[in-house]
Amino acid sequence: MASGDDSPIFEDDESPPYSLEKMTDFVAVWDVALSDGVHKIEFEHGTTSGKRVVYVDGKEEIRKEWMFKLVGKETFCVGAAKTKATINIDAVSGFAYEYTLEINGKSLKKYMENRSKTTNTWVMNLDGEDFRVVLEKDTMDVWCNGKKMETADEFVDDGTETHFSVGNHDCYIKAVSSGKRKEGIIHTLIVDNREIPEIFK
């Protein structure tokens, strides 16, 4: 998270243990699951100094000092696809603030609900390493641990197969009709002829 230079450790022994300038101003942390992985967004808001700092995966994206207006919004990009994210800062009462995160113009909750309809996600361990595979149903793009995979599509008797490799493992996502209009197409990940259970988030 913080590097040694900006950690809230006191340099001199004379500082009181709870010196206001030296305390961190972290007010919110969100984990956002995108196709290229789960990203951690952290927000610092100094309500006395007006400071606003946004970190994405531990890297500083925005830093503003001495903002006189304590409410407002900060917009930035997250992940390989440069997904638009906005932190809204609203006054609740007196000196209390509420922080909400929007992804692509939707509240984080709405975005994740919609995302669960448009993507499938699987987590597996191969050769002692964890892999997260995401299928974007609208584009049929396949992502593995943050990288868009090269795929080859093949028509089979009961549907389609999207083939790709992870290391020296043969993988494919099989798409078959459920036969039910509400369920639509069922996607299944097969690795080395073994079905991987989907995770639901």
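Residue count for segment 90-116, restricted to those that are of a type in the set (D, E, K, R) and over 16 Å from the mean Cα position of the chain (by Cα): 2.
Name the single residue that is modelled with the lowest pLDDT among those in segment 70-86 being open to solvent by 80 Å² or more (accessible area, probe 1.4 Å) and touching a strand residue (DSSP E or B) at 6+ places or on another chain (Cβ under 9 Å).
Lys73
All of (1) open to solvent by 40 Å² or more (accessible area, probe 1.4 Å); (2) touching a strand residue (DSSP E or B) at 6+ places or on another chain (Cβ under 9 Å); (3) free of Cβ contacts under 8 Å to residues at least 40 places away in the same chain hold for Gly159 with one exception: (1). I want to confirm something. Restricting to segment 92-106 and keeping residues that are touching a Leu at 6+ places or on another chain (Cβ under 9 Å) and within 18 Å of Val38 (Cβ to Cβ), which single residue is surrounded by the most Cβ atoms within 10 Å (Cβ to Cβ)? The extreme case among them is Ile103. The set of residues from segment 136-151 being at positive phi and out of contact with any Phe, Trp or Tyr (no Cβ under 6 Å at 6 or more places or on another chain) comprises Met140, Gly146.
Any residue that is in contact (Cβ under 8 Å) with a residue 60 or more places away in the chain and on the phi > 0 side of the Ramachandran plot - is there at least one of those in segment 117-133? Taking every residue of segment 117-133 in turn, none turns out to be in contact (Cβ under 8 Å) with a residue 60 or more places away in the chain and on the phi > 0 side of the Ramachandran plot. When Ile89, Ile41, Ile62 are screened for being surrounded by fewer than 17 Cβ atoms within 10 Å (Cβ to Cβ), assigned to a strand (DSSP E or B) and among the hydrophobic types (A, V, I, L, M, F, W, C), only Ile62 passes.
When segment 104-116 is filtered for residues that are in contact (Cβ under 8 Å) with a residue 24 or more places away in the chain and closer than 20 Å to His187 by Cα, the ones remaining, listed by number, are Met112, Arg115, Ser116. Scanning segment 65-82 for residues that are assigned to a loop (DSSP other than H, G, I, E, B) and of a type in the set (Phe, Trp, Tyr) gives Trp66, Phe68. Inspection of segment 179-199 identifies no residue that is in a strand (DSSP E or B), closer than 14 Å to Ser35 by Cα and at pLDDT 90 or above. The set of residues in segment 115-145 being of a type outside the set (Ser, Thr, Tyr), closer than 11 Å to Leu34 by Cα and not in a strand (DSSP E or B) consists of Arg115, Asn145.
The values are calculated or read from the model by the stated rules, or taken from the named source; none is laboratory data. Fair warning: this is a prediction, and the values are worked out from it, not measured in the lab. Because the Cβ atoms are built from the backbone with ideal geometry, glycine has one as well, and the counts that use them run over all protein chains shown. Remember, those area values only see protein heavy atoms, side chains included, never the ligands or the DNA or RNA. Shrake-Rupley method; radii C 1.70, N 1.55, O 1.52, S 1.80 Å.
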